[in-house]
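Each value in this text was obtained by applying a stated rule to the coordinates, not by laboratory testing. As the structure is a computational prediction, the values presented were derived from the model and not from experiment. Glycine also receives a Cβ, built like all others from the backbone with ideal geometry; neighbour counts cover every protein chain displayed.
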């Protein structure tokens, strides 16, 4: 009898606890989730709220519905009220009655809130923004921090775990402050692998493009600069690309579709109004004499505005350089380039004002553009000035003055010299960006070059976070948090160490693609043949070019061995069964190490050849020849690992040699055959 009484007590207590939990959430075993939107919600709001719906469906078993305000909500429902004070009158009334602290100025443009409130006698969750972008940030932060949805889910494979209703309420009311840098633009540049690995060459497949946009929006990138997909000159002029795709032709309707999708997701479109795109190319010889061809430049720009999807541009970018090829402007008619571009920016700015009044105008001081600025080049004062890093997150030049202009930065999450393997440098991101904010107030704009996106996720997130709140960004904490969201803490420690060694291996702006050029120098010397460059003058073979690389390659090889060792240790802790760890930590270190091991073998042969040339002792040539089988084996390893690539079939062919960007060539067995023939000839 006592046992039965105690069992009854226990059951009653358990029922009370369940009832109390339901009371705490304001929802009693909800059967449905409702997202109440405003009557005046625009297309971007609706798109973002649809993303919230999808995110909730990933973690809850309950049905999720989007309804307009005024619709009667059934009892036992979990309710979100979403929108802005201008689009949703429920939010307007709550703000007016003091139930929410939300106005156009509080927290301000691009800011938002999370709140727990009462509506029609029921507890509700309010996610709102001072404006549409603030609503986006509030929703995407909630999805990430409360629901556990990875902004990079498509690329990392990390999916959220199932949640209960109580988990949905498990947050403190929060103000999402506006980001420090209001304009964060992703630059799609050097995108070959992303454009090639699936489907038609040199053209994004729709899934890859839209998923990239989806992730960028969640990371607070609020604009994208289109470049490669407008038909950059290389794609239809450079011999390597003509051989790759002789029938290359820009799909203008597809470009417009890409622009429209980015707009639908709330991203602005930025375009460098250079004049070499296949969308409407100008003759290159007209791009190096402004005073003679000014009318042609202006006519070409007008064509963009009047006859192409570039009329939908929101942010107008221009570099003070050659307007067909991105190199220094060298006038063929005796002009001062500073005087030329003072005129060019004024003239182009007038066109922007004519066709798209009040649009943003951005000067990118890339390469010699920074020297021009320090020597007196000045656009009209309504241009924002971006100062460029040297490709690896640091600056070779600094401005003598900002001269009252709004300043920002042009940074590289990846660069063409390390295109294949990333250089992870959150430490540089922290130090350099904070210095630029503090010393130069360069916090009005940040343009981030993401190359082919997928290999450079870590740096892309780091730039997003430092631009959002530099005061709270700490590189070590960022490294730890970022890796531990994907891997176990112990494996994450090895991942961080591996990436730090990987970065150290690239000191001196030496990346994977730079080493491809060094390999060509070694092959050239060993085969006594010049480096042939399509469309350019050949480079004579020269031992001095090789010996200048030898010591650094030795250092790089030692550092990469440490990176690869750390990567392997972490992978073992994960039972060699983690696709993202393999693709993002282990494989980059492996690919880079493979290439350096092959380059080292060529250097060993080159040193022996030089000894023969100095001593005329044939034994050195024979030793060099004896290394050829090893060199061929090392090259086979390079090919094999790039061919096998990722474990996940989703990324099959990403590292295929055929899909790589056509910079600095790639070693071949034919090169080794040429070396063998030359060395054998020298023994005769």
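One table, with the values for the structure above:
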read-out: Mean-position separation - Cα centroids, the range 486-532 and the range 253-311, in angstrom; value: 36
read-out: Helical mean residue ellipticity (222 nm; -39500 (n - 2.57) per DSSP H run of 4+; nearest 500) of the chain; value: -15500 deg cm²/dmol
read-out: Packing rank of 412-424, 231-243, where each peptide gets the mean count of other beta carbons within 10 Å, highest leading; value: 412-424, 231-243
read-out: Protection-proxy order for peptides 635-641, 136-142, 115-121, 387-393, each taking the mean of Cβ atoms within 10 Å per residue, highest first; value: 136-142, 387-393, 635-641, 115-121
read-out: Contact order normalised by residue count of the chain, Cα under 8 Å, 6+ apart, percent; value: 10
read-out: Rounded if a/c under 1.5, otherwise prolate or oblate - the chain, Cα gyration tensor axes; value: oblate
read-out: Normalised contact order of the range 100-197, rounded percent, pairs of Cα under 8 Å and 6 or more residues apart; value: 30
read-out: Pair residue 172, residue 249: separation of 7 Å Cα→Cβ label points (nm); value: 6.1
read-out: Relative contact order [Cα under 8 Å, 6+ residues apart], the range 500-588, whole percent; value: 29
read-out: Packing rank of 446-453, 182-189, 538-545, 605-612, where each peptide gets the mean count of other beta carbons within 10 Å, highest leading; value: 446-453, 182-189, 605-612, 538-545
read-out: Cα centroid separation - the range 434-484 against the range 24-100, whole Å; value: 32
read-out: DSSP-defined antiparallel bridges as percent of all bridges, the range 6-176, nearest 5; value: 40
